[in-house]
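Undergrad: Pasting a structure below so you can have a look.
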Amino acid sequence: MNWQSKTLVALFLSIFCSLSFFDVAAQASLEIDPDSSLPDTNALKSMAKSAVGTAYVNQLKEKAAKLHDYKCYCRLYTRKGGVWKDYGGADYLYKYRGLFKATIKTKDYRNGSVVVRDPSGVIKGCGGGTLSFMKITLKEDSRTLQLPTGYSLAQSDFGSLYEVLATSLNSGAAASMTQSANVKAFPGEVSIIVLRSAPAPDSPILEVLYISNDTKTPVGWHTFQNGVPHALVLFQNLETNKGLSEDLFAF
């Protein structure tokens, strides 16, 4: 590889690194205000009373496994210094057995970047706009795929998210839920699962999962750091079992 090629690759990786194509802090307004649209920490602890174990999480995972494919829009928010920012999102496609495609939607040069796991199981990415000609192969544990929520884009399908939740419970975390609630951020009633670091009721919240009572799929995934809200993903405009072709995941 000559020095020009090395320079181009380094430039591309610097743009691509750590999923920074979600960084659109310059956006003028939020679609929702998480602080006013979601229950606060005290409300969550008082609402979620029924204990949740891995058996229930496995039921959710089994329902997700019955989805041959789906597509949705994933909108990401992060919170820093007590202020929420809209970090853009991605058009997300998923097909049974791990195929996924995320097309990044932002208001900066990262718009149009794509990450895909193709039918051969390889994860690849390319930049948006003038960088669309540059393509790289990514490892499963690549930092490039790490989201501000702490999850990997490569493991962000519903089944994988539920699997991480079950793993947390098996590792000593505890969860409780309310089976029916109206939350401003979401249309229709939702179930709310609150994951805490330990069984004690006053243990710090790690994550809050909002599940549609209609579809039994996540509509929101809220992560915390040191018991404080940190990031939020909304799963919007979900369409399931559309017969998505494998060709859509070719790269």
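The values are calculated or read from the model by the stated rules, or taken from the named source; none is laboratory data. Please read all numbers here as calculations on a predicted model, not as lab measurements. Backbone-built Cβ (ideal geometry, glycine too); neighbour counts: all protein chains shown.
Undergrad: Find all pairs meeting these conditions: Cβ atoms under 7 angstrom apart; at least six residues apart or on different chains; first residue within region 38-49 and touching a residue at least 60 places away in the same chain (Cβ under 8 Å); second residue polar (S, T, N, Q).
TA: Met47/Thr178; Ala48/Ser176; Ala48/Thr178; Lys49/Ser176; Lys49/Thr178
Undergrad: From the list Gly121, Gly81, Gly89, exactly one residue is closer than 24 Å to Lys242 by Cβ, modelled with pLDDT of 85 or more and surrounded by fewer than 21 Cβ atoms within 10 Å (Cβ to Cβ). Which is it?
TA: Residue meeting the stated conditions: Gly121.
Conditions tested, residue by residue: (1) out of contact with any Leu (no Cβ under 9 Å at 6 or more places or on another chain); (2) modelled with pLDDT of 90 or more.
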{"position": "Ala10", "(1), (2)": "yes, no"}
{"position": "Ile15", "(1), (2)": "no, no"}
{"position": "Ala26", "(1), (2)": "yes, no"}
{"position": "Ser50", "(1), (2)": "yes, yes"}
{"position": "Leu60", "(1), (2)": "no, yes"}
{"position": "His68", "(1), (2)": "no, yes"}
{"position": "Cys72", "(1), (2)": "no, yes"}
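Undergrad: Looking at (1) within 21 Å of Lys85 (Cβ to Cβ); (2) touching a Gly at 6+ places or on another chain (Cβ under 8 Å), which is the one condition that is false for Ala198?
TA: (1)
Undergrad: Now, a different point. Any idea which residue in region 152-173 is surrounded by the fewest Cβ atoms within 10 Å (Cβ to Cβ), counting only those that are of a type in the set (A, V, I, L, M, F, W, C) and within 16 Å of the chain's Cα centre (by Cα)?
TA: Val164
Undergrad: Go through region 92-118 and count every residue that is under 16 Å from Leu147 (Cβ atoms), polar (S, T, N, Q) and either surrounded by fewer than 18 Cβ atoms within 10 Å (Cβ to Cβ) or modelled with pLDDT of 90 or more (or both).
TA: Selection size over region 92-118: 1.
Undergrad: Sort out which residues of region 137-151 are of a type outside the set (Ser, Thr, Tyr) and crowded, with 16+ Cβ neighbours inside 10 Å, and write them in order of number.
TA: Leu138, Leu145, Gln146, Leu147, Pro148
Undergrad: Working only within region 182-209, note down all residues that are in contact (Cβ under 8 Å) with a residue 60 or more places away in the chain and buried (at least 18 other Cβ atoms within 10 Å of the Cβ).
TA: Answer for region 182-209, where residues must be in contact (Cβ under 8 Å) with a residue 60 or more places away in the chain and buried (at least 18 other Cβ atoms within 10 Å of the Cβ): Ala185, Ile192, Ile193, Val194, Ile205, Val208.
Undergrad: List pairs: first residue in region 131-160 and farther than 23 Å from Gly220 by Cα, second residue assigned to a loop (DSSP other than H, G, I, E, B) and of a type in the set (S, T, N, Q) anywhere in the structure, Cβ distance under 8 angstrom, at least six positions apart or on different chains.
TA: Final answer for the pair search is Leu131/Ser113.
Undergrad: Would you confirm, using the coordinates I've provided, whether Ala185 is at pLDDT below 95, among the small types (Gly, Ala, Ser) and either within 17 Å of Tyr92 (Cβ to Cβ) or within 18 Å of the chain's Cα centre (by Cα) (or both)?
TA: Here the answer is yes, as Ala185 does meet what is asked.
Undergrad: If I filter region 31-49 for residues that are over 21 Å from the mean Cα position of the chain (by Cα), closer than 15 Å to Val208 by Cβ and not in a helix (DSSP H, G or I), do I get at least one hit?
TA: So far as region 31-49 goes, yes, one or more of its residues are over 21 Å from the mean Cα position of the chain (by Cα), closer than 15 Å to Val208 by Cβ and not in a helix (DSSP H, G or I).
Undergrad: While we're looking at this one, here's another question. Quick one: Lys61 ticks every box in (1) out of contact with any helix residue (DSSP H, G or I) (no Cβ under 6 Å at 6 or more places or on another chain); (2) part of a helix (DSSP H, G or I); (3) closer than 25 Å to Leu238 by Cβ; (4) of a type in the set (D, E, K, R) bar one, so which box is it?
TA: The one condition Lys61 does not meet is (1).
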